[in-house]
């Protein structure tokens, strides 16, 4: 018999630690002005866009390092916990 006091599944959120980008390890980005080897195939031919670079051989996409820190877009917003709805954001 199942009782309401016992929980069969624990929440995944309760076991997660806070996101810390400095400890996430290897993060491949395209560096402008340097030789960039594709992490997928190892080649160095890239198609460069405004925010990403795509390998011309295997189509692996990497974000541009410069696009993360420059440009007309505002800094990215990261939410922790419950994400507010659009009505709360507009207020």
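A few notes on this one:
- Here region 27-71 was treated as a single set of alpha-carbon atoms; its pair distances binned every 10 Å from 0 give 33, 58, 10 percent.
- Report note on the peptides 37-49, 55-67: ranked by the mean count of other C-beta atoms within 10 Å, highest first, their order is 55-67, 37-49.
Rule-based calculations on the coordinates, nothing more; no lab input. Predicted, not measured: the structure shown is a model, and the values here were computed from it. Virtual Cβ from ideal backbone geometry, glycine too; neighbours counted across all protein chains shown.
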